[in-house]
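**Student:** Starting off with a structure, shown below.
The values are calculated or read from the model by the stated rules, or taken from the named source; none is laboratory data. This one's a predicted model, so the numbers in the text were calculated from it and none came from an experiment. Cβ sites come from the backbone with ideal geometry, for glycine too, and all protein chains shown count toward neighbours. The protein model used for the area step is the full one, side chains on, heavy atoms only, and it has no ligands, DNA or RNA in it. Shrake-Rupley method; radii C 1.70, N 1.55, O 1.52, S 1.80 Å.
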Amino acid sequence: MRIAIIGGGISGLSAAYYLEQERAAGAPLETTLFESSGRLGGVMFSDRIGDCVVEGGPDSFLTEKPWAAQLCAELGIDGDLIGSNDAQRITYIVVKGRLIPMPDGLMFMVPTKLIPTALTPLFSWGTKLRMLGELLHPPRPVDKDETVAQMVERHFGSEVVDRLADPLLSGVYGGDAASLSVRAVLPRFVEMEENYGSLCRAMLASRRKLAAMQHTKGYAPKPLFSSLKGGMQQLIDAIVARLDAQSLRTWSAVGGLARSGTGWELMTPRGPEQFDAVIFATPARIASQMLAAIDAQLSADLGGVQYSSSITVTLGYRREQLKMCPPGFGFLVPRSEGTRMLATTFVHTKFPFRAPESKALVRCFLGGSKDQGVLKLSDEEITAVVRQELKQITGLEAEPWFVKVYRWDRAMAQYTPGHLERIERIGASLKQMQNLAIAGNFYKGIGVPDCVRTGKEAAQQMAALARAGQATKA
């Protein structure tokens with residue numbers, strides 16, 4: 001059975017890796033991966049600049065989601081997994097130009113400790129009183145898909161949307177709280193509201209469970225984020241090393257596909273080629289275009305997925321030049337502050353093995369769904385913006401020894417209201433076709449572990465199809 005994978009990012013490479021495992025285990029498979037650019041890995045890209053590791057795209061993944069770490073273990077690179085330095089995890093929010101630390105006990109915008117919440121200058125007294133009153137919220141069924149902003153405002157007010165929900169979500173999704181679906185982005189919040197009513201009461205119950213676990217013998221809390229000593233590129237390189245180089249075609253854009261009997265005909269740079277099955281690991285819009293003449297409903301659903309663009313800028317300094325910067329992981333900037341910068345990470349503090357003791361790495365994020373125009377600026381203009389805003393917020397005026405700008409055009413899927421229903425319809429359409437599968441950051445989760453999982457599930461679906469075909473012939 002010949003399988004084509006369209007797209008060579010982490011989702012497509014994961015599919016290729018797991019198909020190779022299935023082939024080695026006896027499944028009658030032959031795989032070809034098509035990547036339109038000259039590089040495999042998509043947005044996962046690490047640079048070595050001097051003696052520093054610089055990430056162009058994601059710098060880590062959530063430890064609690066297992067699929068990326070499991071893949072690292074299978075590839076034999078789990079010994080190089082590193083955790084975030086959570087003992088130094090302080091995150092600041094910029095409020096009226098000042099860096100305010102997020103108060104102790106704040107669990108993803110939900111306060112769980114009374115005194116730190118009461119004392120923090122992050123919120124006005126009106127918001128603090130509203131947080132206290134939130135404890136009385138009765139349970140309620142969530143019968144419609146609302147935005148994160150709508151839910152958070154119902155519970156805590158607009159100030160929490162502006163100073164917490166929006167900055168936190170812009171860092172993860174490149175979107176804003178007013179356009180992201182709470183069911184798709186924060187399903188736990190929906191569950192908490194249905195069971196407890198109050199998000200504060202639900203989070204307090206969660207804290208008690210966590211505390212009970214920590215008293216269990218042998219329990220060791222895991223770091224919030226995981227990465228690799230050599231950067232996230234190390235995962236890409238390890239997968240590619242396990243694949244047949246002849247099966248990986250870079251600079252090979254697929255121009256279209258059509259039905260060919262029960263299989264598929266792909267228009268490739270080598271001409272028309274026949275395949276029994278196809279896995280799309282591209283942005284949804286590309287799959288939508290290619291499937292327009294094959295399944296109008298599937299194409300429309302895929303075309304309905306929106307994307308945002310982003311820019312990351314990493315600046316290298318000598319450690320001594322950052323004396324005026326506060327300790328911790330970095331800061332988030334609410335849009336109401338009027339800056340173009342959305343967030344800044346002090347990479348040398350967040351992770352080991354990124355810079356030697358004498359060096360510091362500062363990573364800034366721009367763009368997102370409300371500032372797509374930033375991509376039109378030149379690297380020099382972007383660097384000037386970042387340096388000016390760093391000076392304005394932290395007082396950092398020193399000359400960096402390097403600046404590296406990375407642009408990611410329409411790379412981040414936006415989980416807007418109705419997203420889960422859309423994904424359900426896409427799944428139903430794919431089920432009818434059987435020999436078509438989809439993987440990617442728009443499908444079942446935005447992060448690296450979710451991309452790995454969708455690639456693995458697509459591979460398993462195709463391997464089962466190949467084995468079923470083998471059994472029928474036998």
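**Student:** For segment 126-151, what are the residues that are more than 21 Å from D176 (Cβ to Cβ) and not in a helix (DSSP H, G or I)?
**Tutor:** Passing the criteria: L135, L136, H137, P138, P139, R140, P141, D143.
**Student:** Any idea which of V386, V452 is in contact with a strand residue (DSSP E or B) (Cβ under 6 Å, 6 or more places away or on another chain) and surrounded by 14 or more Cβ atoms within 10 Å (Cβ to Cβ)? Please lay out each step first, then the result.
**Tutor:** Values: V452 fails: in contact with a strand residue (DSSP E or B) (Cβ under 6 Å, 6 or more places away or on another chain).
Going through V386, V452 in turn, just one is in contact with a strand residue (DSSP E or B) (Cβ under 6 Å, 6 or more places away or on another chain) and surrounded by 14 or more Cβ atoms within 10 Å (Cβ to Cβ): V386.
**Student:** Quick check on my filter: what residues within segment 69-102 are surrounded by 13 or more Cβ atoms within 10 Å (Cβ to Cβ) and in contact with a Gly (Cβ under 8 Å, 6 or more places away or on another chain)?
**Tutor:** Matches in segment 69-102: D80, R89, I90, T91, Y92, P101.
Listed here are the residues, each with its yes/no results for (1) farther than 30 Å from A68 by Cα; (2) modelled with pLDDT under 95; (3) of a type in the set (S, T, N, Q); (4) part of a helix (DSSP H, G or I).
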{"position": "T383", "(1), (2), (3), (4)": "yes, no, yes, yes"}
{"position": "E389", "(1), (2), (3), (4)": "yes, no, no, yes"}
{"position": "E399", "(1), (2), (3), (4)": "yes, no, no, no"}
{"position": "K404", "(1), (2), (3), (4)": "no, no, no, no"}
{"position": "D409", "(1), (2), (3), (4)": "no, yes, no, no"}
{"position": "I423", "(1), (2), (3), (4)": "no, no, no, yes"}
{"position": "F442", "(1), (2), (3), (4)": "no, yes, no, no"}
{"position": "G445", "(1), (2), (3), (4)": "no, yes, no, no"}
{"position": "G455", "(1), (2), (3), (4)": "no, no, no, yes"}
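**Student:** Can you name the residue in segment 353-379 that is small (G, A, S) and out of contact with any Lys or Arg (no Cβ under 9 Å at 6 or more places or on another chain) and is also farthest from T339 (Cα to Cα) among such residues?
**Tutor:** Filtering segment 353-379 down to residues small (G, A, S) leaves 355, 358, 360, 367-369, 373, 378.
Then keep just the ones that are out of contact with any Lys or Arg (no Cβ under 9 Å at 6 or more places or on another chain); that gives 369, 373, 378.
Numbers: S369: 15, G373: 14, S378: 17 Å.
Applying the filter and picking the extreme gives S378.
**Student:** Suppose we filter segment 441-457 for residues that are in contact (Cβ under 8 Å) with a residue 60 or more places away in the chain and under 22 Å from R23 (Cα atoms); how many remain?
**Tutor:** Matching residues across segment 441-457 total 6.
**Student:** Can you pull out every residue in segment 363-381 that is of a type in the set (G, A, S), assigned to a loop (DSSP other than H, G, I, E, B) and open to solvent by 20 Å² or more (accessible area, probe 1.4 Å)? Step through it out loud before you land on a result.
**Tutor:** As a first pass, look at segment 363-381 and keep what is of a type in the set (G, A, S): 367-369, 373, 378.
Subsequent filtering for residues that are assigned to a loop (DSSP other than H, G, I, E, B) retains 368-369, 378.
Correct list: S369, S378.
**Student:** Any residue at all in segment 391-399 that is open to solvent by less than 30 Å² (accessible area, probe 1.4 Å), closer than 30 Å to F280 by Cα and touching a strand residue (DSSP E or B) at 6+ places or on another chain (Cβ under 8 Å)? Quick ask: steps written out before the conclusion?
**Tutor:** Our first condition is that a residue be open to solvent by less than 30 Å² (accessible area, probe 1.4 Å); within segment 391-399, this holds for 393-394, 396, 398.
Right, trim to closer than 30 Å to F280 by Cα and you get none.
No.
**Student:** With respect to Y415, determine if the residue is in contact with a strand residue (DSSP E or B) (Cβ under 6 Å, 6 or more places away or on another chain) and crowded, with 19+ Cβ neighbours inside 10 Å.
**Tutor:** Working: in contact with a strand residue (DSSP E or B) (Cβ under 6 Å, 6 or more places away or on another chain): yes; crowded, with 19+ Cβ neighbours inside 10 Å: yes.
The answer is yes for Y415.
**Student:** May I ask you to list pairs of residues, at least six apart or on different chains, whose Cβ atoms are under 8 Å apart, with the first in segment 41-55 being touching a residue at least 24 places away in the same chain (Cβ under 8 Å) and under 16 Å from F346 (Cα atoms) and the second being aromatic (F, W, Y) and outside any strand (DSSP E or B)?
**Tutor:** Between residues of segment 41-55 that are touching a residue at least 24 places away in the same chain (Cβ under 8 Å) and under 16 Å from F346 (Cα atoms) and residues that are aromatic (F, W, Y) and outside any strand (DSSP E or B), the close pairs are V53/F353; E55/F45.
Every residue, every condition in (1) touching a Gly at 6+ places or on another chain (Cβ under 7 Å); (2) open to solvent by 20 Å² or more (accessible area, probe 1.4 Å); (3) of a type in the set (K, R), yes or no:
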{"position": "Y406", "(1), (2), (3)": "yes, no, no"}
{"position": "E421", "(1), (2), (3)": "no, yes, no"}
{"position": "A428", "(1), (2), (3)": "no, yes, no"}
{"position": "L436", "(1), (2), (3)": "no, no, no"}
{"position": "A463", "(1), (2), (3)": "no, no, no"}
{"position": "A466", "(1), (2), (3)": "no, no, no"}
{"position": "G469", "(1), (2), (3)": "no, yes, no"}
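**Student:** Scan segment 349-362 for residues that are open to solvent by 10 Å² or more (accessible area, probe 1.4 Å) and either on the phi > 0 side of the Ramachandran plot or not polar (S, T, N, Q) (or both) and jot them down.
**Tutor:** Across segment 349-362, the qualifying residues are K350, P352, F353, A355, P356, E357, K359.
**Student:** Name the helices (runs of 4 or more DSSP H) wholly inside segment 8-125 in which the number of residues that are under 20 Å from F329 (Cα atoms) is 1 or more. So that I can check it myself, show each step before the final result.
**Tutor:** On the way: elements: 10-24, 67-75, 114-119.
Those helices (runs of 4 or more DSSP H) span 114-119.
**Student:** Tell me, which residue of segment 337-372 that is among the polar types (S, T, N, Q) and within 19 Å of G97 (Cβ to Cβ) is nearest to the chain's Cα centre (by Cα)?
**Tutor:** Going through segment 337-372, the residues among the polar types (S, T, N, Q) turn out to be 339, 344-345, 349, 358, 369, 372.
Checking the rest, the ones that are also within 19 Å of G97 (Cβ to Cβ) come to 339, 344.
On the way: T339: 23, T344: 16 Å.
Here the answer is T344.
**Student:** Moving to a separate point now. Can you find, within segment 19-47, the residue that is most open to solvent (accessible area, probe 1.4 Å) among those that are among the hydroxyl-bearing types (S, T, Y) and under 17 Å from G455 (Cβ atoms)? Walk me through how you get there before you give the answer.
**Tutor:** Step one: filter segment 19-47 for residues among the hydroxyl-bearing types (S, T, Y), giving 31-32, 36-37, 46.
From what's left, under 17 Å from G455 (Cβ atoms): 31-32.
On the way: T31: 33, T32: 10 Å².
Ranking the candidates gives T31 first.
**Student:** Inspect all residues belonging to segment 124-134 and state whether any of them is open to solvent by 10 Å² or more (accessible area, probe 1.4 Å) and of a type in the set (D, E).
**Tutor:** no
**Student:** On to the next question. Within segment 148-183, track down each residue that is in contact (Cβ under 8 Å) with a residue 12 or more places away in the chain, closer than 24 Å to R98 by Cβ and not hydrophobic (A, V, I, L, M, F, W, C).
**Tutor:** Of everything in segment 148-183, those that are in contact (Cβ under 8 Å) with a residue 12 or more places away in the chain, closer than 24 Å to R98 by Cβ and not hydrophobic (A, V, I, L, M, F, W, C) turn out to be G157, E159, D162, R163, D166, P167, S170, G171, D176.
**Student:** Here's a follow-up. Do the conditions hold for M1, that is, is it under 16 Å from L228 (Cα atoms), of a type outside the set (D, E, K, R) and surrounded by 21 or more Cβ atoms within 10 Å (Cβ to Cβ)? So that I can check it myself, show each step before the final result.
**Tutor:** Values: under 16 Å from L228 (Cα atoms): no; of a type outside the set (D, E, K, R): yes; surrounded by 21 or more Cβ atoms within 10 Å (Cβ to Cβ): yes.
For M1, the condition - under 16 Å from L228 (Cα atoms), of a type outside the set (D, E, K, R) and surrounded by 21 or more Cβ atoms within 10 Å (Cβ to Cβ) - is not met.
**Student:** Regarding V240, is this residue touching a strand residue (DSSP E or B) at 6+ places or on another chain (Cβ under 6 Å), open to solvent by less than 50 Å² (accessible area, probe 1.4 Å), among the β-branched types (V, I, T) and at pLDDT 95 or above?
**Tutor:** Details: touching a strand residue (DSSP E or B) at 6+ places or on another chain (Cβ under 6 Å): no; open to solvent by less than 50 Å² (accessible area, probe 1.4 Å): yes; among the β-branched types (V, I, T): yes; at pLDDT 95 or above: yes.
No.
**Student:** Hey, another quick one. Taking the residues in segment 178-208 that are part of a loop (DSSP other than H, G, I, E, B) and over 16 Å from the mean Cα position of the chain (by Cα) as candidates, determine which candidate is surrounded by the fewest Cβ atoms within 10 Å (Cβ to Cβ). Steps first, please.
**Tutor:** Taking segment 178-208 as the starting set, the residues that turn out to be part of a loop (DSSP other than H, G, I, E, B) are 178-180, 186, 196-198.
Checking the rest, the ones that are also over 16 Å from the mean Cα position of the chain (by Cα) come to 178-179, 196-198.
Values: A178: 16, S179: 19, Y196: 19, G197: 18, S198: 20.
Per the stated criteria, the residue is A178.
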